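The block underneath contains the structure these notes are about, expressed in structure tokens.
Every number in this text was worked out from the coordinates using simple rules, so none of it is lab data. Predicted, not measured: the structure shown is a model, and the values here were computed from it. With ideal geometry, Cβ positions are generated from the backbone for all residues, glycine too; neighbour counts draw on all protein chains shown.
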Amino acid sequence: MKILLISGSTRATSTNTAALASIVTSAPPTSSTTLYSGLSRLPAFNPDDDHDPLPCEVHALRQHIRDADVVLFCTPEYAGTLPGSFKNLLDWTVGGTEMTDKPAAWINVAAPGRGQGAVNTLETVLGYVGAQVLRDACLVIPVGRADVDDDGAMRNQEIVRSLAQIWSQLR
Ligand SMILES: Cc1cc2nc3c(=O)[nH]c(=O)nc-3n(C[C@H](O)[C@H](O)[C@H](O)COP(=O)(O)O)c2cc1C
């Protein structure tokens, strides 16, 4: 099983990216993982540019999605919705067909009771592009900044164990 993991944060010690990196670390040997790293290099979406030859970062993004069996998202909430750079990534998926019927899931690592605005918007976009949301693999696991070390790795082992449970849901 090939999993593409996409963080909606561009911050170096992001809690969202740390959560996904932790899931990568706990991957079973039968799975392969790609933690997407091109978010901040994607050009601003412009429908006029949504044709072949695509900008190389967009081509690479769509190829990653095409290759994946499941796409796993983890994004912060900004001003009640998605960060602009992550919404930009999602806009680039609308013109392609890569997300149609693609199994997808999300993890909300915001503080308890927070982040629902981001989840709602993400769900709206996933519905629009026709992704197949894997409900049992969508998790809410709060991660605080103190849970992430200065290198951007998850240092809270309880959270590491909670996040690793996603593998049984993805199977
Ligand atoms: C511009 C901005 C807007 C934010 N808006 C919200 C918000 O609406 N709701 C919320 O719960 N947190 C909000 N936050 C807090 C972030 O979601 C929080 O810091 C999160 O940990 C950032 O994710 P990261 O650690 O992966 O970068 C905001 C942060 C920033 C920088």
**Request:** Answer yes or no as to whether residue 148 is aliphatic (A, V, I, L, M), crowded, with 22+ Cβ neighbours inside 10 Å and more than 27 Å from residue 60 (Cα to Cα).
**Result:** yes
**Message:** The conditions are (1) without any contact (Cβ under 8 Å) to a residue 24 or more places away in the chain; (2) in contact with a strand residue (DSSP E or B) (Cβ under 7 Å, 6 or more places away or on another chain); (3) charged (D, E, K, R), and residue 69 fails exactly one of them. Which is it?
**Reply:** (1)
**Item:** Positions within region 73-98 being within 15 Å of the ligand (Cβ to nearest atom) and touching a Lys or Arg at 6+ places or on another chain (Cβ under 7 Å), in sequence order
**Value:** 77
**Asked** Restricting to strands (runs of 3 or more DSSP E) lying wholly in region 30-119: which have 3 or more residues that are crowded, with 16+ Cβ neighbours inside 10 Å?
**Response** 70-74, 103-108
**Asked** Can you name the condition, by its number, that residue 155 falls short on among (1) away from the ligand (no atom under 16 Å from the Cβ); (2) free of Cβ contacts under 8 Å to residues at least 60 places away in the same chain?
**Response** (1)
**Message:** Of everything in region 1-16, what is more than 17 Å from residue 42 (Cα to Cα) and either without any contact (Cβ under 8 Å) to a residue 24 or more places away in the chain or near the ligand (Cβ under 8 Å from one of its atoms) (or both)? Give them in sequence order.
**Reply:** 13, 14, 15, 16
**Prompt:** Which of (1) touching a strand residue (DSSP E or B) at 6+ places or on another chain (Cβ under 8 Å); (2) hydroxyl-bearing (Ser, Thr, Tyr); (3) within 21 Å of residue 69 (Cα to Cα) does residue 128 not meet, given it meets every other one?
**Reply:** (1)
**Prompt:** Which of the residues that make up region 120-145 are part of a helix (DSSP H, G or I), surrounded by fewer than 18 Cβ atoms within 10 Å (Cβ to Cβ) and within 14 Å of the ligand (Cβ to nearest atom)?
**Reply:** 120, 145
